[in-house]
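The values are calculated or read from the model by the stated rules, or taken from the named source; none is laboratory data. From a predicted model like this one, the values you see are computed outputs, not experimental measurements. Cβ coordinates were reconstructed from backbone atoms using ideal geometry, including for glycine residues, and neighbour counts include every protein chain displayed. Calculation scope for accessible area: heavy atoms of the full protein, side chains included, ligands and nucleic acids excluded. Shrake-Rupley method; radii C 1.70, N 1.55, O 1.52, S 1.80 Å.
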Amino acid sequence: MKRILFSSLLILVGFLVQAQDFTQVVRGTVIDQETKQPLIGATVLVINDTKTFGASTDENGKFKIEKVSLGRKTVRITYIGYEDKTLSDIIVNSAKEVVLNIEMVEKVMRANEVVISAKSNQAKTNNDLVLVSGRSFTIDQSQRYAGGFGDPSRMASNFAGVAGGGNDQRNDIIIRGNSPMGLLWRFEGADIPNPNHFGSQGANGGPVSILNNNMLANSDFMTGAFPAEYGNANSGVFDLKMRTGNNEKREFISQIGFAGLELLAEGPINKKTGSSYIASYRYSTLSFFDAMGIQFGNSGIPKYQDLSFKFNFPKTKLGSVSFFGMGGISSTQLLDSKKEGEERSNLAFAQDVDFSSRMGVIGFSHSYQLSKKSYIKSVLTASGESNNARVDTLDNNNNKFYFLNRYTQNDRISLHTFFNQKLNAQHSFKIGVIASNLGGNMNDSLWVTGLNGYYTRLDFKERTFLTQSYVNYNYRYTENLTFNAGLHVNYLHLNQTYSVDPRASIRYQISPKNSISFGYGKHGQMQPLLTYFTQTLIDTPNLVYAQTNKNVKMSQANHFVIGYDWMMTENTRVKVETYYQRLNSVPVTSNASFFSTVNFGADFIPVYEDSLVNKGKGYNYGLEITLERFFSKGLYYLVTGSFYQSKYQGSDEVWRNTAFNGNFVMNGLAGKEWKVGSNRNNVLALNLKVTYSGGRRFIPIDQTASIAKGDVVYDYAKAYQDRQQDFFRTDIKISFKKNSKRFTQEWALDIQNVFNTQNVLNQTWNPRTGTLDTNYQIGLFPVPFYRIYF
C-alpha cells in the first residue's frame, strides 16, 4: 500500500512544473428544446478568468470558438425571446475538442406580468417535464467523485433518496426504501434490461457496470412521481443518453482502471453531412488486481468484456438517423475444490460454482421534423440478458454432486414512437406508444433431499406482449409557474392485466432564488417474467407441476412529493423534499406468511414463490436534504441526508420493515483542484467521500433450532426486524492531469475504505461449529487509474 502511494505521488510531483500554453476549440449547436429547430444568431460566450471568447450561431444553429485557454469554463448562451442559459464546469483539455449540444426554452410573454428570473440551477434535468424528484448528472461527476469507479450507478448513490443497499460489492440503486427492481433503465429512448456485468434475474445491479461513462452525454436521474412518458416502474428512472462522436476530428481515449482496459475511438464519417461514429471496447483488469493480493470480498476472479458504439447520421433524406448498441459478457468460478488444508477444512459447505452472464442492446433511432414546431421520433431496439449458474457440492474427496443448474434468458423487441408538438411558448404536448414483444426461456432445477430428486422450479419458453401508451401536456402559465399533467397506460397481454396511471406536477418560482414544487404519480409495474412462470409441485410422486402465478396483476404505487429549492448563491443551493408513497396490489403468498415482492432484489439470486395473490400493501415516507456547491473556483461539495421509513404487510397481515429500510443515509463529498505548472495548464485534484448509513436488514437464524436440525433454520417471524451494524466508509481520490500539445494524460489513485472499516455483509450458519460466521465487505482497496486522450 505504501509503495503504491509513494510511487503515485512521485509521478504527480514530477509533472507539476512542466507546462506549456495550449488552447482548444469549443463548438456545438443551439436549438429549441421543444421543437429541436436550430436557433440562428444566438450569442455564445465562453467566460475565462481573464478573457471572454464569443461567437454567434449560423443558419444551422452551429457555433465555433477557437483558441480557448484550458481549464474549467462557464458558457453563457443568450437569444432574443428565449431564457438565458448558463453551462458551468465545462472542461477544456488540450487533446480533445469541446462539443456542446445546447437546448433553450422560449420565454412566455404575458401582458402586465412581473417576471422573476430564476437563478441558474446546474442540477436541472434535461427533460423539462421533470418538475420534482429529478436531477441531471454529467460525465465529469461520474469520473470525479471518490469511490465511484466511474460507475453512473455508484455516482447516483450519493444523491438524496438513494441508498446502495449497504453492500459495497454491488451497485444496486435503492430509492426511498423501494426494491431496486422498481428502477427503469432507459437508454437512448429505449427501455433496457439490467446493464451490469454478473447480473442476475434476482437483481437490478451488479459488481461492475457495462455502462461506459466515456460514452455518455449528460443524463437524467429521477426518484419519484416521474412524468407520463416513463412507465412499468415504481421507484425511479435512469434516463441515459449516448453522446455523438466528433464529426470534424478523429480523437481517441485509452485507459486502465477498475472498469477495465479500454480503447475508445471517435471521428467523422462524412464531414459535409456531419455524420460521425464513436465506439469503445473494454476488457477486465480485476484479475490483475487479484494477482497483486487485493481481495474482492467473497467474489472469485471476475472475467468480463464489453462493447459500446453509436453511428450518427443527422442529415439524411429521411431525417436524422442513428445506430447504437451496448453489450457485455462476464463469468467467474468459485472453486472450493482447489482449496486445501485449513482453508478447506473451515468451509461450512464445500461447493464449486460456475456463473456466467450476458447482456446486450442494439437499436435504430429515427427523428423526422414534420414542421417548425413538431417532430416524430421512433426507436427500434432488440435487447436481452441471460445467465447460467451451476453448483456442485463436494465431499471430502472432492467428488462432485450436481446440486443446482439454472439457465435464464429474457429478451425484448421494442418500438418506442412519439409525436411532440409545441403550440406556442406556453403550450406543448407529447403522445407516444411503446410496444414490446417479451420473451423468456428459463429452466431451474434444484436437488431436494426430501424428494430424493430434482425440483424443477422453472421450465418454460414463452413470449408475450407489453403495450404502453402515454400522453403528456405541459403548460407554462407564466415564466414563474409551470404545470404538466399526463396519463400512462400499461397492458400485459399474458394475462390481460393493465394499469392506468395519471401523473401531475407543478412548480412555482417564488423569487429569483426560491421555488416550490408538488408532484403526484401513480405507477404500475408488471412482475418479472420468472414470477409468472414459477411452478408449484401439485403431485409429488409423479412430479407434476402447475403454474399458479399466471394471473398475478401489476403492483401499484402512488407517489406524493413536495419540494423546496433555494439557490443561496450562483453556485450553491439547498434542496429539501418530503414524500409519501402508498403501495398496493403487491403480490404476496395465498397462505399466511411474511413474503412480499417488495423485497425482491435483497439477495443476488432469483426468488421463486408460487401461489401469489395481489393482496400485499406497503408505504414509504421520508425527508431528504441536499446542500450542494457546484464546481466553482476549484472547489465543490455535496452533502445529502435521507431519513425514511419503509414498511410492508404480507399475507399474515403483520406490518414489517422492508428489506431496504435502512432508516437513514448520509453522504458527504468534497473536492479541490489546483492549477499547476508554469502556465497553469495542468491540474492536481483531491476528492473525498464519506458515507454513513443504516445497516442491512436481515432474517435472523434460529441457532437453537439449527443445532437441533443440523441445518440452518430461519426465524421468519422476526424477518427484517433488526439491522446489521451501521455502515461507514471513507474514500479518497488524488489525481493529476497533464496537458501536452497533442495529448492529455491523467493519473489517479482512488483509495476505497481508507480506514479499513469492517462493515458487516451478512451472517451465515456453520453446521460444523454450530455458530454464525460473520462475512465482511470490502476493506482497504487502492485502485490505480491511468487515462490518455489523443
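Straight-line reach only, C-alpha to C-alpha below 12 angstrom: list the aspartates and glutamates that Lys522 could link to, leaving out same-chain residues fewer than 8 apart.
Once the sequence-local aspartates and glutamates are set aside, what remains near Lys522 is Asp501.
For the chain, with all protein chains present and a 1.4 Å probe, just round the carbon and sulfur fraction of the accessible area to a whole percent.
Carbon and sulfur together cover 56 percent of it.
Relative contact order of the chain: what whole-number percent is it, with Cα pairs under 8 angstrom and at least 6 residues apart?
12
If you count only protein heavy atoms with a 1.4 Å probe, what accessible area per residue comes out for the range 452-518, rounded to a whole Å²?
46
Output ³J(HN,Hα) for the range 450-456: one whole-Hz value per residue in order, computed from phi by the Karplus curve 6.51 cos²θ - 1.76 cosθ + 1.60 with θ = phi - 60°, and x for Gly and Pro.
Residue by residue, the range 450-456 yields x, 8, 6, x, 9, 9, 8 Hz.
Once the convex hull of the alpha carbons of the range 64-103 is built, what does its volume come to per residue, in cubic angstrom?
Once divided by residue count, the hull of the range 64-103 is 77 Å³.
For Thr531, what charge total do you get from the other residues with a beta carbon under 14 Å from its beta carbon, if Lys and Arg give +1 and Asp and Glu give -1?
Taking every Cβ under 14 Å from that of Thr531, the sum is -1.
Quick check: the angle from helix 2-15's long axis to the longest principal axis of the chain, C-alpha only, nearest 10 degrees?
Rounded to the nearest ten degrees, it is 10.
Using only the alpha carbon atoms of the chain, find the Kirkwood hydrodynamic radius as the inverse mean reciprocal pair distance, in angstroms to one decimal.
It works out to 27.8 Å.
Probe 1.4 Å, all protein chains in place: accessible area of His493 in Å², nearest 10?
80
Take the Cα atoms of the range 150-263, build their convex hull, and give its volume per residue in Å³.
115
Suppose all protein chains stay in the model; what accessible area per residue would a 1.4 Å probe give for the range 583-622, in Å²?
39
Place +1 on the Cβ of every Lys and Arg and -1 on the Cβ of every Asp and Glu in the chain, take the dipole about the Cα centre, and give the residue among Tyr619, Ala259, Gln37 whose Cα lies farthest towards its positive end.
Most positive-ward Cα: Gln37.
Taking the Cα centre as origin and putting +1 on Lys and Arg beta-carbons and -1 on Asp and Glu beta-carbons, what dipole magnitude results for the range 429-490, to the nearest 20 debye?
Magnitude of the dipole: close to 140 debye.
Based on alpha-carbon centroids, what's the gap between the range 570-586 and the range 55-74 in Å, whole number please?
Each part reduced to its Cα centre gives a spacing of 37 Å.
List the residues, sorted by chain then number, that are 5 or more residues from Arg72 or on another chain and whose placed amide H is less than 5 Å from its amide H.
The list, which skips near neighbours in sequence, is Val92.
Quick one: Cα centre-to-centre distance for the range 350-374 and the range 485-507, in angstrom?
Here the two parts' Cα centres lie 23 Å apart.
Can you return the aspartates and glutamates within cross-link range of Lys689? Criterion is Cα-Cα under 13 Å, with same-chain partners fewer than 8 residues away left out.
Reachable aspartates and glutamates: Asp731, Asp750.
How much of the DSSP bridge set in the chain is antiparallel, in percent, rounded to the nearest 5?
Among the beta bridges of the chain, antiparallel pairing accounts for roughly 95 percent.
Mind checking the dipole of the chain: about its Cα centre, +1 per Lys or Arg Cβ, -1 per Asp or Glu Cβ, Debye to the nearest 20?
The calculated dipole for the chain is roughly 2380 debye.
Tell me which aspartates and glutamates have Cα within less than 14 Å of Lys339's Cα, excluding those fewer than 8 residues away on the same chain?
Here the aspartates and glutamates satisfying the reach criterion relative to Lys339 are Asp352, Asp395.
Please work out the Cα center distance from the range 756-790 to the range 141-194, rounded to the nearest Å.
So the separation of the two Cα centres works out to 20 Å.
Of Lys513/Lys575; Lys67/Lys737; Lys271/Lys310; Lys315/Lys377; Lys62/Lys241, which ones are farther than 18 Å apart at the Cα?
Lys67/Lys737; Lys62/Lys241
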